[in-house]
Amino acid sequence: MSIPLGFFAGLGGASREGVLIKGSNYLEMLSDVETVVFDKTGTLTQGVFEVTDVITDDVPREKLIEMATIAESSSPHPIAASLVHAHRADIDRSRVTDIEDIAGRGVMAKVDGTPVAVGNRRLMEMLGLQFEEGPSTGTTVHVAIDHRYAGCITISDVVKDQSAQAIRDLKAAGIKRTVMLTGDSEAVARKVAGEIGLDEVHSQLLPGDKLEHLERILEETDGKVAFVGDGINDAPSLVRSDIGITMGAIGSDVAIEASDIVIMDDDPTKVATAMGISRKTMGIIRENIIGTLLVKFLFLGLSAVGFVNMWLAIIADVGVMIVAVLNSTRALRYRR
C-alpha cells in the first residue's frame, strides 16, 4: 500500500496547486527532469498582443488592418486576436473564403474575392514577394493583397510577471538547462530570453524546426526533458518530449490533449511547483518502502529466534501500514 498511497496523495496535492497530472508515471518521471524547453507566446508571455506600428505605402492604414483582420478572423492564434482588437469593428466572416492556415507561416484567404496573405517573412518568401523588415521591437506581420506586398503591422507581446521567477525557481530546483523555441524574430526572442534569464534561445522556427531542435536536446541530455507550450503547433513537441506540459487556460484543446500535465492558471512558476511536488512525493514513497521493509525484516528476525509471537507480528504489520498512510498524507500539502 505504500506506493499507490504516495502517488494518490501526490496527484491530489498537485491538483490543489492547480496542476493536473494525468498519471502516476508522469509524476514519477517529473522528478528526473533536467532540461525544460519553453514555447514563447502564451507560455512565457501573456499572448495578448497590441498593435504598435503600421507601415504601408499604397494601401490606407485602416484598409490594411481590416483586410488582415478579416483574413485572420478564424485563426486561434493570439496574433489574430490582437488584429481583431485593433480593428475595433464588427467582422463579417461571410466576406472571407478559401482560408488556408499554413503552419509556422501564416494565413492565406480571399476577402471579398481578393487574395490576401497575412503572416511572417517565411510566408512572403514562399510567395516570392519583396517585403520590408519591420522594427525589431516587436513581431512583424506582413500583409499581401492581390498578390502584391501591401505593408506590415508590428505587434508587441508582454512577458508574464511570473516568467523570470519561474526560471529562478527551476534553477533553484536543480534544473540544469532552460531553452526557448519560438517562431518569432531573433531580436524579439533574445530580448525575452534576456529579461527572464534563459540559458538558450532558438528563433524563427517552424513547428517542424521546433521538433528537430527538441530531438537534438533529447539526444544531448542524460535526464528527462520537459516541453512547456500552449498552441496547436506545440502538439508534436508535447508528444515527443519525455514530459509535455500545457498552459490550460489559454492552451488549445489539441495541446491539452497531447500533454501529460496541464497548468490550469497559465502560471509558469507552477512548472517548478509540479517538480517540487514530484520530488517530495517520490521521497515519501521511498521512506514508506524502506520503513516498511525494515520493520518487517526486523520482526521476521525476532520471530525466528522466538522473541515475538504471531500477535505482535500482526500488530506491527498493521501499525506500519497506518504509519505509511499518515506519512503519505504529507504529499497533499506542498510548501515552496
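Taken together, the values in this text are just the output of simple stated rules run on the coordinates, not laboratory data. None of the values given here were measured: they were computed from a predicted structure. Using ideal geometry, Cβ is built from the backbone for each residue, glycine included, and neighbour counts are taken over all protein chains shown.
Data overview
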| read-out | value |
| --- | --- |
| Fraction of alpha-carbon pairs over 24 Å apart in the stretch 1-102 - percent | 51 percent |
| Burial ranking of peptide ranges 235-241, 317-323 (average Cβ count within 10 Å, highest at the top) | 235-241, 317-323 |
| Of the chymotrypsin sites (Phe, Trp or Tyr not before Pro) in the stretch 216-311, those whose Cβ has at most 14 other Cβ within 10 Å and which sit in DSSP loop | F307 |
| For the chain, alpha-carbon Rg relative to the globular expectation (2.2 N^0.38 Å, N residues) | 1.29 |
| The stretch 124-183: translational diffusion in µm²/s, Stokes-Einstein, Kirkwood Rh over Cα pairs, 4 °C, 1.567 mPa s | 88 µm²/s |
| Mean Cβ neighbour count within 10 Å, used as a protection proxy, ranking 63-72, 187-196 highest first | 63-72, 187-196 |
| Residues V143, V116 arranged by fewest to most Cβ contacts within 10 Å | V116, V143 |
| Among I217, I284, I102: highest mean-square fluctuation, GNM of the chain, C-alpha pairs under 10 Å | I102 |
| Spatial separation of Cα centroids for the stretch 151-209 and the stretch 270-317, in angstrom | 44 Å |
| Three-way shape label, the stretch 81-163, alpha-carbon gyration tensor, a/c 1.5 | oblate |
